[in-house]
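K.L.:
Have a look at the structure that comes next, please.
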Amino acid sequence: MKKMLALALSAALAAGTLAGCGGSGGSDSGATTQVAAQGGSAETKAEAKTEAKDVFWTFAAPPASSALYPYWVSVGQAVSTVFPQYKITTSESQGAVAITKSVRNGEADVGNSVSSTDYENYNGTGTFEGQPFKDLRMLFYYEVTAEMFCTTKDSGITDLKGLDGQRFNPGGTGTSAEDLCHKILGLFDVNPDYFVASQADAADAYSNREIVGTIKLGPVVDSYVMQLNASVPVNVINLSDEEIAKIIEAYPFLIKVTIPAGTYDGIDQDVNTVGTPQGAQTTTKLSQQDGYNIVKAMFDDGKSIWQAAYPSGAENDYVAMTLASTVPLHAGTVQYFVEQGIEVPEELIPPEYVAVQ
């Protein structure tokens, strides 16, 4: 019988420490919240707060060209504002795959993630074939991003088959967009002449018409796609229902995403594609208390900070997206959800979770 926690939630998904610095595991940085959870006088809580030690963390963010980069800067600000003992450096990375490798090897303590990479990382498939990482934990998911196949309008390419043999950038090197591009086009036996480059270099090549297009995995309203469109009018390939069904059958961590008509200048019809939830990944090295503090800062006390920096996602349902995870949640996330009366399925509860009375 499933172990379930607290009350039922009626929601569904819509459609290391720095080397030599550190100490998330075993730190007493969360003393104040732990005392509060267990009760105690204001004097006791105040005393605990003064005893909190500084902890140095690196948060790995997407490339600065991504619309998600400002969000991650605000995540660090929100957490360190609510819990000043956390000294957070937000570091720009090349993409979800590169970030995942940094979190795996302890170069980053928390990092942006994509559901597709999370699934492969945890289970040892795809990019991480034969290298399952069972210490992966999800703090939360916060956004759904679309895989946008962008081509120049004057190329006349309006479907995936049209990319065959064409000079095309599959997404920034080391990004999940690139990984998904190869997966999706491989399903349909489409073989472009790949132009491998960073997102910034791909944008330059696009504006100079060296390539017929590129891919961006990002929010439905994405500044990178707007940049492309401003240089050379863009078309975003509309996938058929049959194509989407085939893609999701092969890769169940993907979902259907619709880009409404008028989102980008010159695109006057809805565009359907597939996408992935974006989240915050960490490992079992992050203590339950520290994870709890991060989630509490993001969901409660520091919410207004990141909402101001990322208004397009201010009202996203973090809880529903997080509970749709395909890998275990962090123990601190489970603790926070339990306190809120949110039901957590057994398969998302990690073995290291300890109930707090």
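K.L.:
Express in nm, to one decimal, how much length is gained between Glu249 and Glu346 on full extension, taking 0.36 nm for each residue of separation and deducting their alpha carbon distance.
P.N.:
Working it through step by step, the gained length comes to 32.4 nm.
K.L.:
Placing unit charges on C-beta atoms (Lys and Arg positive, Asp and Glu negative, everything else neutral), compute the dipole magnitude of the chain about its Cα centre in debye, rounded to 20. Numbers along the way, then the final one.
P.N.:
On the way: 21 positive and 42 negative charges, 122 e Å.
For this selection, approximately 580 debye.
K.L.:
Let me ask something else. With every protein chain present, what accessible area does Thr125 have (1.4 Å probe, heavy atoms only), rounded to the nearest 10 Å²?
P.N.:
Here the residue's solvent-accessible area equals roughly 50 Å².
K.L.:
Using DSSP, restrict attention to beta bridges with both residues in the chain and report what percent are antiparallel, rounded to the nearest 5. Can you show the working numbers first?
P.N.:
On the way: 27 of 40 bridges.
Taking every DSSP beta bridge with both residues in the chain, the antiparallel ones total about 70 percent.
K.L.:
In the neighborhood of Pro233, defined by Cβ-to-Cβ distances under 9 Å, what is the net charge if each Lys or Arg adds +1 and each Asp or Glu adds -1?
P.N.:
Charge balance in the 9 Å sphere: -1.
K.L.:
Considering amide H positions built from the backbone, and no H for Pro or chain starts, which residues 5 or more places from Val234, or on another chain, come under 5 Å of its amide H?
P.N.:
Placed amide hydrogens put Lys153 under 5 Å from Val234.
K.L.:
Something else now. From the residues Gly172, Phe149, Ser115, which one has its Cα farthest along the dipole of the chain in the positive direction, the dipole being from +1 and -1 charges on Cβ of Lys/Arg and Asp/Glu about the Cα centre?
P.N.:
Checking the options against the dipole of the chain, the answer is Ser115.
K.L.:
Express as a percent, rounded to the nearest 5, the fraction of DSSP beta bridges in the stretch 136-226 (both residues included) that run antiparallel.
P.N.:
65 percent
K.L.:
Okay, moving on. Under a 5 Å amide H to amide H cut-off, with H placed in plane at 1.01 Å, what residues pair with Arg167 once short-range neighbours are removed?
P.N.:
When sequence neighbours closer than 5 places are left aside, the close amide H contacts are Asp193, Val212.
K.L.:
Any chance you could run the full-extension gain for Glu315 through Arg209? It's 0.36 nm times the residue separation minus the Cα-Cα distance, nm to one decimal.
P.N.:
Once the chain is fully extended between Glu315 and Arg209, it gains 34.4 nm.
K.L.:
Could you pull out which residues in the stretch 263-306 have an amide N less than 13 Å from a spot 7 Å beyond the Cα of Phe56, following the Cα-Cβ vector?
P.N.:
none
K.L.:
Let me ask something else about it. Which ³J(HN,Hα) values, rounded to whole Hz and listed in residue order, are derived for the stretch 143-148 from phi using the Karplus coefficients 6.51, -1.76 and 1.60 in 6.51 cos²θ - 1.76 cosθ + 1.60 with θ = phi - 60°, glycine and proline given as x?
P.N.:
7, 10, 10, 9, 7, 9
K.L.:
Placing +1 on the Cβ of each Lys and Arg and -1 on the Cβ of each Asp and Glu in the stretch 64-149, which of Ala67, Leu139, Phe83 has its Cα farthest towards the positive end of the resulting dipole?
P.N.:
Towards the positive end, the residue furthest out is Phe83.
K.L.:
For the stretch 127-166, go through all pairs of different Cα atoms, get the mean of 1/r, take its inverse, and jot down that Kirkwood value in Å.
P.N.:
One over the average 1/r among Cα pairs gives 14.5 Å for the stretch 127-166.
K.L.:
Could you give the accessible area per residue of the stretch 194-276, probe 1.4 Å, as a whole number in Å²?
P.N.:
On the way: 3510 Å² over 83 residues.
Counting only protein heavy atoms, the per-residue value for the stretch 194-276 is 42 Å².
K.L.:
Let me ask you something else. Would you kindly find the accessible area of Ile255, with a 1.4 Å probe and non-protein molecules such as ligands, DNA and RNA excluded, rounding to the nearest 10 Å²?
P.N.:
40 Å²
K.L.:
Still on this model: Given charges of +1 on the Cβ of Lys and Arg and -1 on the Cβ of Asp and Glu, with all other atoms neutral, how large is the dipole of the stretch 180-306 about its Cα centre, in debye to the nearest 20?
P.N.:
420 debye
The values are calculated or read from the model by the stated rules, or taken from the named source; none is laboratory data. Not measured: the values here are computed from a predicted model. Note: ideal-geometry Cβ built from the backbone for every residue, glycine included; neighbour counts use all protein chains shown. Surface areas here come from the heavy atoms of the whole protein model, side chains and all, with no ligands, DNA or RNA. Shrake-Rupley method; radii C 1.70, N 1.55, O 1.52, S 1.80 Å.
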